[in-house]
Each structure stands twice: as C-alpha cells, then as structure tokens.
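The values are calculated or read from the model by the stated rules, or taken from the named source; none is laboratory data. Worth saying up front: this structure is predicted, and the values here are computed from it rather than measured. Note that we place each Cβ from the backbone using ideal geometry, even for glycine, and neighbour counts take in every protein chain shown.
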Amino acid sequence: MRLFAIVRREYLERVRGRAFLIGTLLGPLLMAAFTIGPSALMAKQRGKPLRVAVLDASGTLRAGVEKALSERRIAGEPRFIVEPPGEGALEVVRASLTAAVLSGRIDGYLHLPPDALARGAAEYYGKNVSNVMDLGLLDKTVEDALTSFRLSGAGLPEARVQEVMRRLELKTIRISETGEREDEGGSFLLSMILLMTLYTTVAMWGGALMNSVIEEKTSRVVEVMLSSISASRLFAGKLLGVGAVGLTQLLVWAGFMAGLSLLGAQAAAVSGVKLPEIPLLVLVLFVVFFLLGYFLYGALYAAVGASVNSQQEAHSLAFPILMPLILAVMFFPMVLSSPDSKLSTVLSLVPFWTPLLMFLRVSALMPPAWQVGLSIALTLATTFALNWVAARIYRVGILMYGKRPTLREILKWIGKP
Amino acid sequence: MAPASVTRLLQAGEGCGPDRDIIIPAVSEAAIAITAVTKAYAGHLAVNNLSLAVPRGSIFGLLGPNGAGKTTTLRMLMNVLGPDSGTIEILGRPADDSARDRIGYMPEERGLYPRMLLEDQLVFFAEMKGTPRVDARRRIPAWLERLGIEDKWRRRRVNELSKGMQQKAQFIASVLHDPEILILDEPMSGLDPVAADVMRGALLALSRQGKTLLLSSHQMETVERLCDRVALLDRGEKLLDGTVGDVKRSHGPNTVALAYEGDGSFLEGLPGVSRLTDHGQFAELRLAAGADPQEILRAVASRLRVRRFEILEPSLHDIFIEQVTRHGRAAA
C-alpha cells in the first residue's frame, strides 16, 4: 500500500515532467542520428576521387592499369582520376611525382617494378596512406589488371579474358523462421541500435534513480519519509518507481517502432536503410534484459546516491559503475561477428554483461535456450544480492551528512546492524 | 476551532505558562517513555543513559545547545535510529513501525519535494502514515485556512512558496494524519512574528484536543510560554527535568528584573550580583547567595533612573545558560 504510494509518486512526478517528454520524443531521433548518421555520412561523403599517377618500370603495364583504374566506379562515380606521370628517365619522373604528391597536385602514385607481373608486387606512394577503403580498392583493381595481363599473356583472347575476370556481386540473405530476406547491413545496424538503446536506457535510468536518491537526501525529505516507512521499503519503492518510468519509455518507443515498420516502405525510403523485421521474442527479451540491467546497475547507482552529499560528489563515484557497461559496448563488434563462439558465450554469461551481450547474441543469432535461461538466472541472482547490499548501504547513507565517505566506510555500512 | 477562540486562549495563556500544569488532568501512562537509552556514533556518545517521560496531553519542551543529543533522541523516537541500549515506549508499546503512525514528526531540517504540488505532497505524506488519500485531501482546506495559506497555493509547486509558507506546509504534513503525538524540532525557527503567533495558536488548539506535543527548541521564550514541562539536555545527558514551574522555583526567587534609563555599565561587578544579563534598557541580575535585594535597589537607584525593579524566579534562558556552562566546566 505505502510501497505502492512511493512507486506511484516516483512514477507520476517523472512521467509528467518535461524531461521525460523530451527524452522520449527525441530519444529515437538522437539514437538514429548517432547510429545511422556516421555510417550514412561515410557512405555518402566518400570524399573526392583519388588523383593517382602510374610509374611503370616494366614498360608494358601502364596503359592497362591506368585503364582499369579510371574505369573503376563506386555507386556510379569514378573512384580514381589518373594523371599522366610525365616524360623522362625513371628516376626523374619519380622525383617529379614525389614533388607533385608533396605539393598536393596528386594524391599518390603507383610504382610498378620491372618484375611486377612475375612477382605480383607494386608500391603505392602517397601523403595519406590511412584511407584503407580506397587503398583496398586500388589493390584489388591493380591485381585484377595484372591478372588480365597474365591471362592475355597465356594466349587467351581479349573477350575471354573479360569473361573470366567478371566481378562477383554477393548478396546476403538472412534465413529465419519467417522466411528469407535480403540484408543490406540492416541486421548489423539494428543490433547496434538496440544495443545502444539498452546501454543508454540502463545508464540513464540508473542515473535518474541516483539523482532521485540524492534529491531526497539533500532536500531532507528522507528524514520525513523514514518517520513513516522503513528504509528498505523506501529503497524498493524508488527502484520500482523509476524502473516503471524507464519501462514506459521503452514501450512508447516499441510502439513507435511498430508504427514505423507498418509504414515500412516509407521509412525505408526516408532513411535509405531497410530495417529488418524484429521477431516478437527478441522484443520481449529486449524488455527483459532492460529490466535486468536496470535493476542490477540501479542498485549500484542508488548506493552511490545514498553515500554522497551532492550531484557533484556523485560523478566520480558513479563513473566506475559505467565501466562494465562501456566494456560491454566495446566487446560488441567481436560478439556480433561470432555470436556463437566460446568467448562470446562466456562473456554473455557474466551477469554484468548479460543485459547487453546476451541480448546482442539474441538479436544476431538466437543462442540455445539454456544459455539464455542460465544468463537470466545468474543475472537475477546477482541483482538480488546487489540490491540487498545496496539497501543496507542506502539505509545508513541517507542519514549521513558532511564529508564524503570513503569506499571502506561505505563497505562497513553493509555489516552494520 | 475558530480563530477568535485561539486568540482568546493565547491571551489567557500569556504569563501563566508556568502554572498551566495544574489544569492538565493527571495521567497514569506516559505518551513517551524513554528508559536508560544510550546511543553512540563512532566513539562519540550522542545520548548517554537518558530517561525521560512525556505525560499524555502535555506540551513538553526538549531544550539543549547544539550537539546536546536532541535530534538523535527524536530520531530514535521515530525509529529512524535504534538505541544501542535502553528502551523506548510510545503510548505504552515499544517504538516500532506501527507506533510511528500515531506520531507526527516535523524534523529540524525541513524536507519537502521541491517540484511537487503542495496538495499532492500533503496527501502523499498522509498516505505514508496510512491515511486514505480521499480523507487526506478532504482535510487539507481546513488546515490551510487555519495556518493562513491562501487556497491558490494548494495547486502550486512547493519551491514557489515562501520560506514561512513552506514551514507551515511542513507542519500540515506532520498533522494531516491526525496523530496522537506530535514531535516538532524547532517549530518556530524562521517564522515571522505573525506566522509564529499562528503556529502557536495551532499548537495550543491541538493540545486542547488532548494531543501530546514534544518540541525541541532553542527559543527559550517560546518554550517558557508554551510548554508545561521541560527537560534540558547537554552533551547527551539530562541536566534538568520537570514542570516549568518546578524548574524555576528550584532556582529562585533570586533574580531581579530591572528596567532602567541611563548608563548601566556599572552593573557589571556590582556587589551581591553573581550573574548579569544586560540588554541596555533591561537587565536580569542573579543575586549572589545572601545578598540583600534592598541594598542593590539603593545602589541602582542612586546611579540610574529605575522604571521597574522586580524580584523574580530566573527565566528559563538564564537557567539554561547557567546549567550548560556549569556542566561544560565539569566535563572539562
């Protein structure tokens, strides 16, 4: 009854607040901007084509390589602009090309040694050699050109060479119980968006819980509250109340996404990315893992909130809580590229990482049910233990004013009768 | 109760505070009984072997300088803290969670949610004490009126209220669930004279309904006029305990209240005066043992224009200072 009153107050005061409204409306937009934005920018803003010259020491390859380079296109746009190397002795030309690179007239030059064809070796000289995408393309293009030369040298007619050298266009199709769908990177993107949403909401609502505890402590409301209700019930009420707000926000977003997939065609046209459908089970597990993450990390945030005297003091203590979450985000590419590897399995079974990494595996490639079940059980057990500890810290901390306690003192509070 | 009768009561109460215990019906059972309670924080004794009985229906003043252990004592009454040893009984039962629903508590550091609407906040605090929401909501307008808060503030955020109004709101929050015992830590601090009068009227009205009031305060004058019983704490120990009349009688009549015009600097060190509190136009002179008030009157009248010379019991303020100073010296 009173527990419910605390939950309701915590919930209503937040949901009615402007911050919740703005966060809930802008959240998806920001999330989209942060996740889709950079990759979209990278795709659209590939930069200007590379101006390159070919310095041919073999004397036979230049024309073919130059032709291949100037014909290479990405999304219909030429990727390389071939500049003439100039006339003269090899060393003279090389010196002038080096000068041209340094002055910025060209981006780089390709040196084909006399035995380029036999050894399959070449060198690229340029100011910027970290543009891996372009250099990879250059590598592939020159390799193709050299292969064509070898085929022609082996006596194959020109038309046959072109046939043999036809490039492959690989489409990826994801198979699921609901059928087959072509995937243009949407799965990767979706996993990333969901993971970042989990990370953000867990950290955000954990932080909100911490601030709520600090607010009650600094406004001294807590003393009035404790004259009516036990500290452990107050703690439980706050944890549940703030969690309910976070859940509401997720449900609003889920509704938003459901609406979006109904308007799938338009959405795809707007974003330029086809979002793959999300199975219901994944959505349900998304909510489950959010709740697990919130209650696990929320306990830590609440304990920090009870131990400090102000928001400022809280920052340095709250940062270590974020560390496991940040680590989980850093493991993300590794787990996503091999969701069923031994390492991914082990990492996703560690309770602090389960909410993010097990969910990531679920969204990429559904792991065996026992693994999901085990991870949930382990995280639940950890969550209960942490909340027990946090409630004991909270009980003592909320009545402590003055200097910030050391970690040692805080740990001592746990054992206090 | 209508405001008019509150005013009448206030006038009648003026000056007869010390004798009010006579009209309180004798009660066999204490509302609050503290027996041999000790509480220590990290090697520091906050409350040392304290025993205290607050009779039902009394207005009890808990006095003491900062760090005397008043707030710790009140927190133990509210079961916010547990005593290291000793027992606390509320209305004849152990001070557990169910006992505190029958207590209203206003802590010294006011605590209201700054961004919550006043009405929602009051309802919430009453709900925390087990009062149904509808009942709490129904009682609010009468309390606002009694404390002189206009109705328009009911739907305003607490941080828009003035400090005095917030304090009144805190008071309402502590009484809305109609408790039998009211514990108020510094109820008058920060109130202007008009608001303090309103608050005093509200406290008296509650007392006349038979509620037990326990106040902790530094404001001796408030306590002297309002309370029928007092206890004085210092460094966790009880120095005095009894009705205001008994406490004063046990210290007097050995005090001269002197109202004068002229330069009173010679009063300091006047023979026969052991303690002096000089306000410039008014002075309180504690007589040394065996001193003759008539000689002092002659000495004073020869140097000053005397407007009033009265032999009295000492004020609580003077007793407080004297006791605490003596206790401090003994401890050192």
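Observations on the structure shown:
- Near pairs, Cβ below 6 angstrom, 6+ apart or cross-chain, from region B:164-180 (in contact (Cβ under 8 Å) with a residue 40 or more places away in the chain) to any residue that is of a type in the set (S, T, N, Q) and surrounded by fewer than 22 Cβ atoms within 10 Å (Cβ to Cβ): B:HIS177/B:THR131
- Among the residues of region B:208-234, those identified as at pLDDT 85 or above and surrounded by fewer than 22 Cβ atoms within 10 Å (Cβ to Cβ) are B:ARG208, B:GLN209, B:GLY210, B:LYS211.
- Residue within region B:106-119 that is surrounded by 23 or more Cβ atoms within 10 Å (Cβ to Cβ) and among the aromatic types (Phe, Trp, Tyr) present: no
- Scanning region B:40-63 for residues that are within 29 Å of B:ARG200 (Cβ to Cβ) and either not in a strand (DSSP E or B) or not assigned by TED's automatic domain parsing to the domain that holds B:VAL223 (or both) yields B:ARG56, B:GLY57, B:SER58.
- Number of residues in region B:212-250 that are within 17 Å of B:ALA53 (Cβ to Cβ) and basic (Lys, Arg): the value is 2.
- Residue selected from region B:173-191 under the condition within 12 Å of chain A (Cβ to nearest Cβ) and part of a helix (DSSP H, G or I), by the criterion surrounded by the most Cβ atoms within 10 Å (Cβ to Cβ): B:ALA173
- Check on B:GLY269, modelled with pLDDT under 85 and surrounded by fewer than 14 Cβ atoms within 10 Å (Cβ to Cβ): yes
- Residue in region A:282-338 that is farthest from A:GLY402 (Cα to Cα), counting only those that are in contact with a helix residue (DSSP H, G or I) (Cβ under 8 Å, 6 or more places away or on another chain) and free of Cβ contacts under 8 Å to residues at least 12 places away in the same chain: A:SER338
- Helices (runs of 4 or more DSSP H) contained in region B:192-307 and holding at least 1 residues closer than 30 Å to B:ALA31 by Cα and touching a strand residue (DSSP E or B) at 6+ places or on another chain (Cβ under 8 Å): B:193-208, B:220-226, B:244-249
- Each residue in region B:140-175 was checked for being in contact with an Asp or Glu (Cβ under 9 Å, 6 or more places away or on another chain) and closer than 20 Å to B:ARG102 by Cα, and 1 pass.
- Restricting attention to region B:123-171, the residues that are of a type outside the set (Phe, Trp, Tyr) and away from chain A (no Cβ under 12 Å) add up to 28.
- Filter result for the condition that a residue is within 24 Å of B:SER51 (Cβ to Cβ) and either aliphatic (A, V, I, L, M) or without any contact (Cβ under 8 Å) to a residue 24 or more places away in the chain (or both), over B:ALA136, B:ALA126, B:ALA142, B:ALA99: B:ALA99
- If you go through region B:65-115 and pick out every residue that is more than 20 Å from B:GLN170 (Cβ to Cβ) and among the acidic types (Asp, Glu), you end up with 4.
- The residues of region A:114-141 that are in a helix (DSSP H, G or I), surrounded by 12 or more Cβ atoms within 10 Å (Cβ to Cβ) and more than 34 Å from the chain's Cα centre (by Cα), listed by number, are A:ALA116, A:LEU117.
- One residue alone among A:LEU209, A:LEU190, A:LEU170 is of a type in the set (A, V, I, L, M), surrounded by 13 or more Cβ atoms within 10 Å (Cβ to Cβ) and at pLDDT below 80, and that residue is A:LEU190.
- Qualifying residues in region B:278-292 (those that are touching a residue at least 24 places away in the same chain (Cβ under 8 Å) and crowded, with 16+ Cβ neighbours inside 10 Å) - the one nearest to B:GLU322 (Cα to Cα): B:ARG286
- Residue check for A:LEU21: at pLDDT 85 or above, assigned to a helix (DSSP H, G or I) and within 14 Å of chain B (Cβ to nearest Cβ): no
- Helices (runs of 4 or more DSSP H) enclosed by region A:280-349 - at least 1 residues per element that are more than 23 Å from the chain's Cα centre (by Cα) and among the hydrophobic types (A, V, I, L, M, F, W, C): A:280-307, A:311-337
- Looking across region B:75-89 at every residue that is under 19 Å from B:MET128 (Cα atoms) and touching a residue at least 12 places away in the same chain (Cβ under 8 Å), the one that is nearest to the other protein chains (Cβ to nearest Cβ) is identified as B:MET78.
- Restricting region A:207-237 to residues that are among the polar types (S, T, N, Q) and more than 9 Å from every other protein chain (Cβ to nearest Cβ), the residue that is nearest to B:ASP97 (Cα to Cα): A:SER232
- Scope region A:109-128; condition touching a residue at least 24 places away in the same chain (Cβ under 8 Å), farther than 13 Å from A:GLU143 by Cβ and small (Gly, Ala, Ser); matching residues: A:GLY126
- Matching entry among A:VAL65, A:VAL92 (being in the same structural domain as A:GLN162 (by TED's automatic domain parsing), outside any loop (DSSP other than H, G, I, E, B) and surrounded by 12 or more Cβ atoms within 10 Å (Cβ to Cβ)): A:VAL65
- Members of region B:308-322 found to be surrounded by fewer than 18 Cβ atoms within 10 Å (Cβ to Cβ) and in a helix (DSSP H, G or I), listed by number: B:HIS317, B:ILE321, B:GLU322
- Candidates are the residues of region B:66-105 that are part of a strand (DSSP E or B) and of a type in the set (A, V, I, L, M, F, W, C); the one that is surrounded by the fewest Cβ atoms within 10 Å (Cβ to Cβ) is B:ILE88.
For every residue, the table says whether it meets (1) of a type outside the set (Phe, Trp, Tyr); (2) within 14 Å of chain B (Cβ to nearest Cβ).
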{"site": "A:PRO367", "(1), (2)": "yes, no"}
{"site": "A:VAL372", "(1), (2)": "yes, no"}
{"site": "A:ILE376", "(1), (2)": "yes, no"}
{"site": "A:THR383", "(1), (2)": "yes, no"}
{"site": "A:TYR394", "(1), (2)": "no, yes"}
{"site": "A:MET400", "(1), (2)": "yes, yes"}
{"site": "A:ILE414", "(1), (2)": "yes, no"}
